[in-house]
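What follows is a single structure, written as structure tokens, with notes after it.
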Amino acid sequence: MNDTAEAAVLGRVLAGRHPPVTSAKGVLGHTMGAAGAIEAALTVLAIQHQLVPPTANFTRPGPDTRDLDVVAGAARPHRIELAVSNSFGFGGQNTALAFRSAT
């Protein structure tokens, strides 16, 4: 249910813009309290390498991801100047971190 809600929010916030979207949860599983830190580190690495990692096990868009550019299959080169890492946790522990390229 949370993935569906998160996708719906992203679709509304992005409204017509289609930046690449990815998730590491399919590779890492649910790492509980470490999830936000791991996702933040992966976001910084994506900016550093200008490469969006794929979303593991994502095969085809469903109704909740139809309007999102979900990266699947293989990493995608992409010019990344700004990236956002969203973390939605149990009990309403939520955060969003924005990272900008230093160059």
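The values are calculated or read from the model by the stated rules, or taken from the named source; none is laboratory data. Note that the structure is a prediction, hence the values are computed from the model and not measured. All Cβ positions, even for glycine, are placed from backbone atoms using ideal geometry, and neighbour counts span all protein chains on display.
Which residues, taken from segment 9-28, are in contact with a strand residue (DSSP E or B) (Cβ under 9 Å, 6 or more places away or on another chain) and assigned to a helix (DSSP H, G or I)?
Residues of segment 9-28 in contact with a strand residue (DSSP E or B) (Cβ under 9 Å, 6 or more places away or on another chain): 9-10, 14, 18-23.
Across segment 9-28, the qualifying residues are VAL9, LEU10, LEU14.
If you check every pair at least six apart or on different chains, which have Cβ atoms under 6 Å apart with a residue in segment 18-36 that is among the basic types (Lys, Arg) first and a residue that is surrounded by fewer than 19 Cβ atoms within 10 Å (Cβ to Cβ) second?
Listed pairs, sorted by first residue: none to list.
Name the pairs whose Cβ atoms lie under 9 Å apart, with the first residue in segment 86-103 and among the charged types (D, E, K, R), the second at pLDDT 80 or above, and 6 or more positions between them or separate chains?
ARG100/ILE47; ARG100/GLU81; ARG100/LEU82; ARG100/ALA83
Go through segment 47-85 residue by residue and tally those that are within 13 Å of the chain's Cα centre (by Cα), part of a loop (DSSP other than H, G, I, E, B) and without any contact (Cβ under 8 Å) to a residue 24 or more places away in the chain.
1
Considering only segment 52-71, state which residues are surrounded by fewer than 16 Cβ atoms within 10 Å (Cβ to Cβ) and more than 13 Å from ALA24 (Cβ to Cβ).
Passing the criteria: THR59, ARG60, PRO61, GLY62, PRO63, ASP64, ARG66.
Scan segment 37-46 residue by residue and report those that are within 12 Å of VAL84 (Cα to Cα) and either in contact with a Gly (Cβ under 8 Å, 6 or more places away or on another chain) or free of Cβ contacts under 8 Å to residues at least 12 places away in the same chain (or both).
Result: ALA41, single match.
Whether any residue in segment 29-46 is assigned to a helix (DSSP H, G or I) and either acidic (Asp, Glu) or at positive phi (or both) is what I want to check.
Yes: segment 29-46 contains one or more residues that are assigned to a helix (DSSP H, G or I) and either acidic (Asp, Glu) or at positive phi (or both).
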